[in-house]
Amino acid sequence: MSGKAAFPVGGLHRRQMLKAAAGATAVTLADNGLARAAEPPARVNLAKVAVPAGGYVSGDTRLGALNSGAEPANSADTASGAFGTWPRTDRQWVSYEWSAPVRTDSVDIYWWQDGQGIALPRTARLLYWNGSDFVPVRNPRGGGLAADRFNRIGFDPVTTTRLKLEMQGDGEKSVGILQWRVWNVGPVPVFAPAVVAGVDRSMVMGGQTYLAGKADWLQRGAGDGVRWTKVSGPGEVIFADPAAPATKAAANRPGDYVLRLSANAGAKASTADVALRVVAPPPAKRLDVVYTTPYAINSPLWNERAKALIVNWIPHCIAYCERTDLKTGQGGLDNFVEAGKALRGEAHAPHKGYVFSNAWVHQTMESMCIALMVDPQGDADIAQAQAHMRATLARWIPVILAAQEPDGYLHTAYTLAQRRDWPERWSPEHRGDHEGYVAGYFIESAINHHTLTGGSDLRLYDAAKKLADCWVANIGPGKKPWFDGHQEMEQALVRFGRFVNDVEGGGRGDAYIRLARFLLDSREGGSEYDQSHLPPEQQYEAVGHAVRAVYFYSGMADIAAETGDRDYQSATMSLWDNMVNRKYYVTGGVGSGDTSEGFGGNYALRNDAYCESCSSCGLIFFQYKLNLSYHDAKYADLYEETMYNALLGATDLAGKSFCYTNPLENTERAKWHTCPCCVGNIPRTLLMMPTWTYVKDAGGVYVNLFVGSRIDVGEVAGTRLQMVQETDYPWKGAVAITVNPAETRRFAVRVRVPDRRTSALYTAEPAVAGLLSLKVNGKRMTPQLENGYAVITREWRRGDRIEVELPMAVQRVTADKRVDATRNKVALRFGPLVYNVERADQARIDQPLSNATLTPEWRPDLLGGVTVIRGTWADGSPMLAIPNFARANRDGGGIKEFPGEPSGVEYAPGALAADGDASAQVASAEPRQHTRTTRSQVWIATG
């Protein structure tokens, strides 16, 4: 949720003024306060054509940033990238190498210092390659370790093919560099240009791909230039301007292509390639949403999980939203009370907490609406909790509506702000103040309030239309150009536009969808952190803050589905491919934490992952939207994976604490958080079961999840349709589906055939795929398979029954060898569930797993009833693994009173440590790079 870099918080950095080290074996660069020297006239930056290397490169940085030629505005300016060594704090190095000798007598270094995890080095020294070894440069002059400028180091001229820069951190912080320039002496050799082709991507047939190549020359001469060509691929590629590094291209046949950017400097040339996958467009019409309306759960697993959320967690969120005495994570219903006073002209208190604190109130309100649609089926505890929720809604709704301004605008942080501090709405200076983020959550809450009441109570629905109309009246073509720093409004507007069209007809919601498109299209000129670095249709790599990213991609997928825009479709497929096949955890989580609560580089998947619970919610939304667009079961495969493994265990089994982050080792839980953005997001996502379980079109219904339930999917083939499932999935593979149309009709029922092989990052043995059997009304049949669904088309009568048997087996999962953190390790999976080993079940989990047979076993006495996996450790002792969602429920986590909170509030140590936006960061919170005993883990050593 943060707006700052989520690097570990340690003591304040003291810049140390250093003297040159004595002796001939090391030359220390000292900060002597010299002013930045002017760039020598006619000199050339030799670094542009050097090949950089480094000892350690953090996942969110890249060596190529060192010689990109950027001009940083200050030491915190990473807009053009950076090289860094976080979390290493020991001696590190980077080097340049040239293909021919160069002569130089000076370098410029612009140090990276972000005020958190990256600081100025304690010492640094420059060395050159003398043909057999690296030796220090002689007679260094100037130099320095100063922030916010280039530090010029002069020295006696050297002729070399390699330079090396060694850096020593201060023992607490890591070091980094924004730019390292190398200046020539005398004639400049002719080098081939440095060429970058860009990131691999996908393209939908009928669209185009935006090529952002780059070529750098030391000295460009007549005849020097660039050219794009096709290296391989099944069809023709047409380049808009093959002689321009930045251009557009299109292909006329689906398949895998390689495109090459070549550049020459006289007779010397260099090339770089980019992979392009061209795919068929999605069907012209997206699938239809099954709205969450009153439904029943009949599943041993889901009944308990839903009850914990309804009886304990949502009431807990209600209580905290109503508290006025919180020291951290503050700002709940009281902000709406005070905003109402302000709008009535009464004396009022200032806004509490973060500017986005309305979010957890709106999410909790939506969670209540959804929870009230779950049939208690005689459970007195659920019925009592639901009565409490009804009373709460009756109390909250008037308070929230009283905080809505007369024209529909709703954001208590703005309403309660001093106008001198926040003069106007939707200003570029306040992109980080979450106007759209909180408004979007309110709009989404109105949808489920409408479905809860069957449209009999229109207070929130009308208020949401008034809010959306306010935005439409002020933002758009010919009005204000604007976008929010934290995406949410975009997907909310599309979701609401679809709902309004379904409720009212006549295209009444189209204006909201158009505004969502405008907000997305306005994103450019910013940074990767909030995905505003490029226009949406030119983004092909998952970058930045993971929650913002997946909400953004979800909104893009919505617009692609609504408009059929091929460039949007191409971008969403590229982003999906990059994320799922290069930046995706085996648990279905995203966000390594290498960047600020976000994505690192390709294959940067540390086991102390960030995997914020909100990012799992957003990823489910994104995969679901792609399922709607492409009618393809693989997207449901993936959101099932995320739901069961990354999100289901975001609250503990009792529903009394939650995980802000979900690392693959040592998960910890808290009752609240300095940034409680996830608290209401978790239950609203998990309990929206009808929407995730079914989608539909005019010709039938799609079964995406297997959950014992009774769900009304709305109208299919001209009649109301109820679907009833009976299953003990995910513990067993038998699923019975009763199809109950109100009237006999012919339509298709498409049943997802799970495939756990969607992500190319992971391989599982033994292979498990397909269906063991499928019967209709007791008669075995072999169905047609389409896009991962078993298709059964027939005339359906009430009571017709489908029975499927899904294969279930324990699998050993291995990751791509490019993922350093999982090399020589294995994860265990049974059905959709990824497993975790805990010290609560065995004395040691730091030894290899043996090759002995792994067997599933039902344990009704353990963790509320789970299937465990039994095996043997290398030392012969028994190994027991539990589902990852049930982790961290038995060791107590060293529960302590939360520092800074009122008495009685508890937390699990370290649970607040990784929130980079928490300005009130608790000093005792555990730094993420701190070495600690591993209590639980997903990945297990092998051999």
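The values are calculated or read from the model by the stated rules, or taken from the named source; none is laboratory data. Treat the numbers as computed from the prediction; the structure is a model and nothing was measured. Cβ coordinates were reconstructed from backbone atoms using ideal geometry, including for glycine residues, and neighbour counts include every protein chain displayed.
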Would you confirm whether or not region 315-326 contains a residue that is over 30 Å from D224 (Cβ atoms), surrounded by 16 or more Cβ atoms within 10 Å (Cβ to Cβ) and at pLDDT below 95? yes
Test: T758 is modelled with pLDDT under 95 and either farther than 21 Å from K696 by Cα or among the charged types (D, E, K, R) (or both): yes
Working only within region 202-231, note down all residues that are crowded, with 18+ Cβ neighbours inside 10 Å and assigned to a loop (DSSP other than H, G, I, E, B). G207, Q208, G213, W217, L218
Within region 157-179, is even one residue surrounded by fewer than 17 Cβ atoms within 10 Å (Cβ to Cβ) and closer than 15 Å to K48 by Cβ? no
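Of everything in region 232-248 that's small (G, A, S) and not in a loop (DSSP other than H, G, I, E, B), which residue is surrounded by the fewest Cβ atoms within 10 Å (Cβ to Cβ)? Quick ask: steps written out before the conclusion?
Residues of region 232-248 small (G, A, S): 232-233, 235, 240, 243-244, 246.
Subsequent filtering for residues that are not in a loop (DSSP other than H, G, I, E, B) retains 232, 246.
Working: S232: 12, A246: 14.
Ranking the candidates gives S232 first.
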So which strands (runs of 3 or more DSSP E) stay within region 668-736 end to end and still have 1 or more residues that are aromatic (F, W, Y) and modelled with pLDDT of 95 or more? 694-697, 700-703
Name the residue that is modelled with the highest pLDDT, counting only residues in region 21-68 that are within 28 Å of the chain's Cα centre (by Cα) and assigned to a helix (DSSP H, G or I). L66
Quick test for you: out of V590, V543, V503, pick the one residue that is hydrophobic (A, V, I, L, M, F, W, C), within 30 Å of D77 (Cβ to Cβ) and touching a His at 6+ places or on another chain (Cβ under 8 Å). V543
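Report the residue count in region 305-330 for those that are part of a loop (DSSP other than H, G, I, E, B) and out of contact with any helix residue (DSSP H, G or I) (no Cβ under 8 Å at 6 or more places or on another chain). Working first, answer last.
Looking only at region 305-330, we keep the residues that are part of a loop (DSSP other than H, G, I, E, B), and these are 323-330.
Next cut, out of contact with any helix residue (DSSP H, G or I) (no Cβ under 8 Å at 6 or more places or on another chain) only: 323, 325, 327-328, 330.
Qualifying residue count, region 305-330: 5.
Yes or no, residue by residue, for (1) surrounded by 18 or more Cβ atoms within 10 Å (Cβ to Cβ); (2) touching a residue at least 40 places away in the same chain (Cβ under 8 Å):
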{"residue": "M373", "(1), (2)": "yes, yes"}
{"residue": "A383", "(1), (2)": "no, no"}
{"residue": "P398", "(1), (2)": "no, no"}
{"residue": "A402", "(1), (2)": "no, yes"}
{"residue": "A413", "(1), (2)": "yes, yes"}
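Starting from residues that are aliphatic (A, V, I, L, M) and either in contact (Cβ under 8 Å) with a residue 60 or more places away in the chain or in contact with a His (Cβ under 9 Å, 6 or more places away or on another chain) (or both), keep the ones in region 134-156 and report whichever is nearest to K48 (Cα to Cα).
From region 134-156, those aliphatic (A, V, I, L, M) are 135, 137, 145-147, 153; that's our starting set.
The next check asks that each one be either in contact (Cβ under 8 Å) with a residue 60 or more places away in the chain or in contact with a His (Cβ under 9 Å, 6 or more places away or on another chain) (or both); those that pass are 137, 145-147, 153.
Numbers: V137: 21, L145: 23, A146: 23, A147: 23, I153: 18 Å.
The selected residue is I153.
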Just to verify a result, which residue in region 478-525, among those that are without any contact (Cβ under 8 Å) to a residue 12 or more places away in the chain and under 23 Å from the mean Cα position of the chain (by Cα), is surrounded by the most Cβ atoms within 10 Å (Cβ to Cβ)? E524
What pairs can you find where one residue is in region 843-856 and over 16 Å from E665 (Cα atoms), the other is among the basic types (K, R) and surrounded by 12 or more Cβ atoms within 10 Å (Cβ to Cβ), and their Cβ atoms are less than 8 Å apart, with a gap of 6+ or different chains? L854/R812; L854/R870; T855/R870; P856/R870
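Does A251 satisfy the criteria of being crowded, with 17+ Cβ neighbours inside 10 Å, over 29 Å from the mean Cα position of the chain (by Cα) and touching a residue at least 40 places away in the same chain (Cβ under 8 Å)? Reasoning before the result, please.
Numbers: crowded, with 17+ Cβ neighbours inside 10 Å: yes; over 29 Å from the mean Cα position of the chain (by Cα): yes; touching a residue at least 40 places away in the same chain (Cβ under 8 Å): yes.
In short, yes.
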Sole exception among (1) crowded, with 16+ Cβ neighbours inside 10 Å; (2) in a loop (DSSP other than H, G, I, E, B); (3) not aromatic (F, W, Y) for R829, by number: (2)
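Restricting to region 107-123, what's the tally of residues that are under 27 Å from A194 (Cα atoms) and surrounded by 22 or more Cβ atoms within 10 Å (Cβ to Cβ)?
We begin by selecting, within region 107-123, every residue under 27 Å from A194 (Cα atoms); these are 107-112.
If we keep only those that are surrounded by 22 or more Cβ atoms within 10 Å (Cβ to Cβ) too, we end up with 107, 109-112.
Result for region 107-123: 5.
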If you take the residues of region 574-630 that are part of a loop (DSSP other than H, G, I, E, B) and in contact with a Pro (Cβ under 6 Å, 6 or more places away or on another chain), which of them is nearest to R498 (Cα to Cα)? A609
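How about region 776-793: which of its residues are at negative phi, of a type outside the set (A, V, I, L, M, F, W, C) and surrounded by 13 or more Cβ atoms within 10 Å (Cβ to Cβ)?
P783, E786, Y789, T793
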I'd like the full set of residues that are within 18 Å of C675 (Cα to Cα) and in a loop (DSSP other than H, G, I, E, B), limited to region 416-452. H434
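Condition check ((1) in contact with a Phe, Trp or Tyr (Cβ under 8 Å, 6 or more places away or on another chain); (2) in a strand (DSSP E or B); (3) of a type in the set (F, W, Y)) across all residues:
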site: V102; (1), (2), (3): no, yes, no
site: S106; (1), (2), (3): yes, yes, no
site: Y110; (1), (2), (3): yes, yes, yes
site: P121; (1), (2), (3): yes, no, no
site: R125; (1), (2), (3): no, yes, no
site: R138; (1), (2), (3): yes, no, no
site: P157; (1), (2), (3): no, yes, no
site: T161; (1), (2), (3): yes, yes, no
Of (1) closer than 25 Å to M689 by Cβ; (2) over 25 Å from the mean Cα position of the chain (by Cα); (3) in a loop (DSSP other than H, G, I, E, B), W302 satisfies every one except (3)
I'm told Y354 meets every condition in (1) outside any helix (DSSP H, G or I); (2) within 22 Å of Y660 (Cβ to Cβ); (3) without any contact (Cβ under 8 Å) to a residue 40 or more places away in the chain except one. Can you identify the failing condition by its number? (3)
Residue check for L664: within 21 Å of R756 (Cβ to Cβ), surrounded by fewer than 24 Cβ atoms within 10 Å (Cβ to Cβ), in contact (Cβ under 8 Å) with a residue 40 or more places away in the chain and not assigned by TED's automatic domain parsing to the domain that holds N889: no
Taking region 445-477 only, how many residues are surrounded by fewer than 24 Cβ atoms within 10 Å (Cβ to Cβ), polar (S, T, N, Q) and in contact (Cβ under 8 Å) with a residue 60 or more places away in the chain? 1
Conditions first: (1) in a helix (DSSP H, G or I); (2) in contact (Cβ under 8 Å) with a residue 24 or more places away in the chain; (3) under 25 Å from I513 (Cα atoms). G408 passes all but one, so which condition is the exception? (1)
